[in-house]
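Shown next, in structure tokens, is the structure this report addresses.
The values are calculated or read from the model by the stated rules, or taken from the named source; none is laboratory data. Keep in mind it's a predicted model, so treat the numbers as computed, not measured. In this analysis, Cβ positions are derived from the backbone assuming ideal geometry, glycine residues included, and neighbour counts consider all displayed protein chains. Calculation scope for accessible area: heavy atoms of the full protein, side chains included, ligands and nucleic acids excluded. Shrake-Rupley method; radii C 1.70, N 1.55, O 1.52, S 1.80 Å.
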Amino acid sequence: MQSGKIKDRIIVKAYTRVQDNYGGWVNTLATTATYWCELKELGGVVEDNFGKRSHYNEIEITLRKHTADLISVDSVFELESNATQYRVNNKYDSDIRHYTTIKATKVN
């Protein structure tokens with residue numbers, strides 16, 4: 001992969017516990033980092049579950065290995081161009097020394 005292909009930006013988020021001002025706690029998403037990557041849309045499926053229609057988009061992002069080591073499998077990320085959230089499904093080294101590929105699905 002050439003560095004010119006790494007032109008898309010993602011915002012990585014993680015669930016964090018914050019106070020709700022009523023003596024309790026609430027889990028919310030907080031931005032942990034932003035990274036450059038190469039983005040590919042793999043496809044999508046529309047399913048009908050008990051009368052509710054669900055749309056699943058699957059994408060693949062490729063980023064530098066040392067950067068990808070900071071992203072856990074339970075992370076959520078957004079594309080910088082829109083606010084669509086994706087959940088990480090799979091993570092593997094596509095080039096053992098330089099690049100890691102992450103497959104993710106759109107969160108409804």
- Item | Checklist (1) in contact with a Ser or Thr (Cβ under 7 Å, 6 or more places away or on another chain); (2) open to solvent by 70 Å² or more (accessible area, probe 1.4 Å) applied to LYS7, failing item | (1)
- Do we have any residue at all in segment 37-44 that's open to solvent by less than 70 Å² (accessible area, probe 1.4 Å) and more than 17 Å from ILE102 (Cα to Cα)? no
- Task: Filter segment 70-84 down to the residues that are under 10 Å from the mean Cα position of the chain (by Cα) and surrounded by 12 or more Cβ atoms within 10 Å (Cβ to Cβ), then identify the one that is farthest from THR105 (Cα to Cα).
- Result: ILE71
- Note on the structure: Residues of segment 1-54 being modelled with pLDDT of 80 or more, β-branched (Val, Ile, Thr) and in a strand (DSSP E or B), in sequence order, are ILE10, ILE11, VAL12, THR16, VAL18, VAL26, THR28, THR31, THR32, THR34
- Query: What number of residues within segment 66-108 are within 17 Å of LYS13 (Cα to Cα) and in a loop (DSSP other than H, G, I, E, B)?
  - Reply: 14
